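**Q** Below you'll find the structure I mean.
The values are calculated or read from the model by the stated rules, or taken from the named source; none is laboratory data. Note that this is a predicted model, so its numbers are computed, not measured. Backbone-built Cβ (ideal geometry, glycine too); neighbour counts: all protein chains shown.
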Amino acid sequence: MITKQEYLDRMVNLKAQVAANKLGAFVVSGTDSIYYLTGISYLPFERPFFIIVKPDCSPSLLVPSLEKVHLQNAPNVDVVHSYWDYPSPSGQGWAEKLNEVLNGVKAVGVEPTMPLEIHNQLKGFSIQMLPLVERLRLVKSPAEVDMVRQASHYADLAVQKAIAVSYYGVSDLELFSQSRAVQMQIMKDTEYQVLTTNVLCGAWPAPLSAQPHGVPKLEDRLKEGPHIALSMVRVNGYAAECERTFFTVAPADEVKTAFAAMTEARSRAFAMIKPGAKCADIDAVANGFLREKGYGGRLLHRTGHGFGLGNHEGPWVAVGSDEVLKENMIISVEPGIYLPGIGGVRHSDTVLVTGSGYELLTHYPIDLESLVIKGARLLNQLRGSIIRAAIGMK
């Protein structure tokens, strides 16, 4: 777990950045950023929350009145201001209170994710958009690495459970229902945090697997072609993912060839991962290899992205990124090939950058032999029929 001292150190680092950028104040408004600085979880809904960080005094919180008591124990914050509600009578809303707290300040930094509604209420200040908290989050502390390592264990478990219940003709309902089993295991094993833990476990069946962000239906069946088992988990605040291409019937030669190219592209990406490597170069090598193999028209995305509090955050392993890997950054490696009408092939792992290279934090098998389901799995079919009957699905 993250200690109180680490939260205090994070704020010291942020205040140093506020001073270095010659800001009178920096307004933190993102939920993940506030969690990163305090460890306090909440659901904002329509009511915004803020941390106001000034270089020469203690940070303060501005929250809706109904959250004031809940947030008074937040580390790094000496003063908790509150506003009435959303919306509020004139003079009692968040905009008036935020301007009061910033009174006397000229240069104000804001996060790139700040909503336009909030930004428009700060017109009286000289605004600079700066990703100060995002930059601090790029390199993980040892405690954060341990948290992502824990999340990676459950990402592996989710993929294992999804593939274990699969058979030719399995419904997506049976696979997505494994999310509950993983969630229960997290509750059993950890000091479960309700608002910062979630599990997505399921599969994108062929041919929908050729659309990485397509939306499968519970009644979809997994038959011929490449299916992609996916788990995206966040465990007590920290995220990880694991994805595997698998088959409920032996793959056709065209798919085998694409699978082999995908795994080779991954190998080339892994060979480059170490401190000092440019993220753009890793992507250029992995996806460049796939283009050389004739799959240029079958690529849809970059090679990877970062993990931490979110399943998608910096560093971005992509051509166009100017980020350079450092020890204790955590990234995914997931080049993919997408064959319209057939399906997609993609593995994804959560990967720690070490002092000399990398460490895989997810470990589910990646070889073709392990990912082809053999046999009828009659017991799975029986269980599946019971699950489907429970919600009235044939």
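**Q** Quick one: is THR245 among the hydroxyl-bearing types (Ser, Thr, Tyr), under 23 Å from the mean Cα position of the chain (by Cα) and surrounded by fewer than 24 Cβ atoms within 10 Å (Cβ to Cβ)?
**A** It is false that THR245 is among the hydroxyl-bearing types (Ser, Thr, Tyr), under 23 Å from the mean Cα position of the chain (by Cα) and surrounded by fewer than 24 Cβ atoms within 10 Å (Cβ to Cβ).
**Q** Follow-up. Among the residues of segment 108-119, count how many are under 11 Å from MET129 (Cα atoms) and in contact (Cβ under 8 Å) with a residue 12 or more places away in the chain.
**A** Qualifying residue count for the region: 7.
**Q** Looking only at strands (runs of 3 or more DSSP E) that fall completely inside segment 7-122, which ones have 1 or more residues that are over 25 Å from the mean Cα position of the chain (by Cα) and surrounded by fewer than 19 Cβ atoms within 10 Å (Cβ to Cβ)?
**A** Because the criterion is at least 1 residues that are over 25 Å from the mean Cα position of the chain (by Cα) and surrounded by fewer than 19 Cβ atoms within 10 Å (Cβ to Cβ), the strands (runs of 3 or more DSSP E) in segment 7-122 that meet it are 60-64, 79-83, 107-110.
**Q** Which residue out of GLY344, GLY310, GLY304 is touching a helix residue (DSSP H, G or I) at 6+ places or on another chain (Cβ under 8 Å) and modelled with pLDDT under 95?
**A** Unique residue meeting the criteria: GLY310.
**Q** Let me ask something additional. Determine if segment 258-275 includes at least one residue that is assigned to a loop (DSSP other than H, G, I, E, B) and either closer than 21 Å to LEU175 by Cβ or more than 21 Å from the chain's Cα centre (by Cα) (or both).
**A** yes
**Q** For segment 166-211, which positions are assigned to a strand (DSSP E or B) and touching a Leu at 6+ places or on another chain (Cβ under 9 Å)? I'd like the intermediate steps shown before the answer.
**A** The initial filter retains those residues of segment 166-211 that are assigned to a strand (DSSP E or B), namely 170-171, 198-204.
VAL170, SER171, LEU200, CYS201, GLY202, ALA203, TRP204 - these are the residues of segment 166-211 that are assigned to a strand (DSSP E or B) and touching a Leu at 6+ places or on another chain (Cβ under 9 Å).
**Q** Among all residue pairs at least 6 apart or on different chains, which show Cβ distances below 8 Å where the first residue, located in segment 355-373, is closer than 27 Å to VAL255 by Cα and touching a residue at least 24 places away in the same chain (Cβ under 8 Å) and the second is assigned to a loop (DSSP other than H, G, I, E, B) and not β-branched (Val, Ile, Thr)?
**A** Pairs found: ILE366/HIS347; LEU368/PRO251; LEU371/PRO365; VAL372/ALA250; VAL372/PRO251; ILE373/SER166; ILE373/TYR167; ILE373/TYR168.
**Q** Let me ask something else about it. Hey, among the residues in segment 317-334 that are under 13 Å from ALA280 (Cβ atoms) and touching a helix residue (DSSP H, G or I) at 6+ places or on another chain (Cβ under 6 Å), which one's surrounded by the fewest Cβ atoms within 10 Å (Cβ to Cβ)?
**A** If we take residues in segment 317-334 being under 13 Å from ALA280 (Cβ atoms) and touching a helix residue (DSSP H, G or I) at 6+ places or on another chain (Cβ under 6 Å), then VAL319 is surrounded by the fewest Cβ atoms within 10 Å (Cβ to Cβ).
**Q** For ASP349, only one of the following conditions fails: (1) buried (at least 17 other Cβ atoms within 10 Å of the Cβ); (2) free of Cβ contacts under 8 Å to residues at least 60 places away in the same chain. What is its number?
**A** Going through the list (1) buried (at least 17 other Cβ atoms within 10 Å of the Cβ); (2) free of Cβ contacts under 8 Å to residues at least 60 places away in the same chain, ASP349 breaks only (2).
**Q** Could you pull out the residue among LEU62, LEU43, LEU66, LEU71 that is in contact (Cβ under 8 Å) with a residue 60 or more places away in the chain, among the hydrophobic types (A, V, I, L, M, F, W, C) and either touching a Phe, Trp or Tyr at 6+ places or on another chain (Cβ under 7 Å) or within 27 Å of LEU116 (Cβ to Cβ) (or both)? Working first, answer last.
**A** Details: LEU62 fails: in contact (Cβ under 8 Å) with a residue 60 or more places away in the chain; LEU66 fails: in contact (Cβ under 8 Å) with a residue 60 or more places away in the chain; LEU71 fails: in contact (Cβ under 8 Å) with a residue 60 or more places away in the chain.
From the options LEU62, LEU43, LEU66, LEU71, the qualifying one is LEU43.
**Q** Output the qualifying pairs, or none if there are none: Cβ atoms under 7 angstrom, residues six or more apart or on different chains, first residue in segment 147-168 and on the phi > 0 side of the Ramachandran plot, second residue part of a helix (DSSP H, G or I) and surrounded by fewer than 22 Cβ atoms within 10 Å (Cβ to Cβ).
**A** Listed pairs, sorted by first residue: none to list.
**Q** Scan ILE127, ILE163 and give me the residue that is in a helix (DSSP H, G or I) and farther than 23 Å from THR196 by Cβ.
**A** ILE163 is the lone residue from the list that is in a helix (DSSP H, G or I) and farther than 23 Å from THR196 by Cβ.
**Q** What residue, of VAL249, VAL233, is out of contact with any strand residue (DSSP E or B) (no Cβ under 7 Å at 6 or more places or on another chain) and among the aliphatic types (A, V, I, L, M)?
**A** Checking each option against the conditions leaves just VAL249.
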